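Here is the structure we will look at, set down as structure tokens.
The values are calculated or read from the model by the stated rules, or taken from the named source; none is laboratory data. Because the structure is predicted, anything quoted here is derived from the model rather than measured. FYI the Cβ positions are ideal-geometry reconstructions off the backbone, even for glycines, and counts take in every protein chain you see. Calculation scope for accessible area: heavy atoms of the full protein, side chains included, ligands and nucleic acids excluded. Shrake-Rupley method; radii C 1.70, N 1.55, O 1.52, S 1.80 Å.
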Amino acid sequence: MAQRNKVDPVIVGSEDRGARGMRETALPLARDAVTFHAVSQIRLDARQRVSEVVWGQVDTAGNCWASDEMRAPVADVVEALHNGDAVFALFRGADGHLPQRRFIAVEHDDGEEAIALDGGAGSGPDLEAMDRIDG
């Protein structure tokens, strides 16, 4: 069970990792495992920001889905990241979809929170290589 504490996490999008803001977040107890999610498809808006995902919870021990995949707004992914969950992007490979990069929460100059792939350009496949949500 997660214990709710008032903490000062890093401000999303801040280059200064020592910067602190106020956000109530769940701190896992030592016996609590991090929840892992995988994003298999995305929708990009006109600004090339992720606006919607198809994702699900993953059982990392069995390397399988722990929940059904479902469509969700990107705000759900941002909330999961703020809660300390790990969210990985799945990219199509010869052996199926593989988690090759992790998502992070970012805040854009206009104040909108979104997600981006961790690491700079050239550190692996990018959003353009991800499967798209149809329709």
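For the stretch 81-105, enumerate the residues that are within 20 Å of Val34 (Cα to Cα), assigned to a strand (DSSP E or B) and open to solvent by less than 60 Å² (accessible area, probe 1.4 Å). Steps first, answer last, please.
The initial filter retains those residues of the stretch 81-105 that are within 20 Å of Val34 (Cα to Cα), namely 81-90, 98-105.
Narrowing further to those that are assigned to a strand (DSSP E or B): 86-90, 98-105.
Once the filter is applied, which keeps residues that are within 20 Å of Val34 (Cα to Cα), assigned to a strand (DSSP E or B) and open to solvent by less than 60 Å² (accessible area, probe 1.4 Å), the stretch 81-105 yields Ala86, Val87, Phe88, Ala89, Leu90, Arg101, Phe103, Ile104, Ala105.
The set of residues in the stretch 44-74 that are part of a strand (DSSP E or B) and among the small types (Gly, Ala, Ser) comprises Ser51, Gly56, Ala72. Evaluating Phe91 against the criteria (1) touching a helix residue (DSSP H, G or I) at 6+ places or on another chain (Cβ under 9 Å); (2) modelled with pLDDT of 95 or more leaves one unmet condition, (2).
For the stretch 113-127, give me each residue that is farther than 17 Å from Phe88 by Cβ and either open to solvent by 60 Å² or more (accessible area, probe 1.4 Å) or in a strand (DSSP E or B) (or both). Within the stretch 113-127, Glu113, Ala121, Gly122 qualify.
Here is a yes/no grid of residues against (1) in contact (Cβ under 8 Å) with a residue 60 or more places away in the chain; (2) among the charged types (D, E, K, R):
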position: Gln41; (1), (2): yes, no
position: Ala66; (1), (2): no, no
position: Val77; (1), (2): no, no
position: Asp85; (1), (2): no, yes
position: Asp95; (1), (2): no, yes
position: Arg101; (1), (2): no, yes
position: Leu127; (1), (2): yes, no
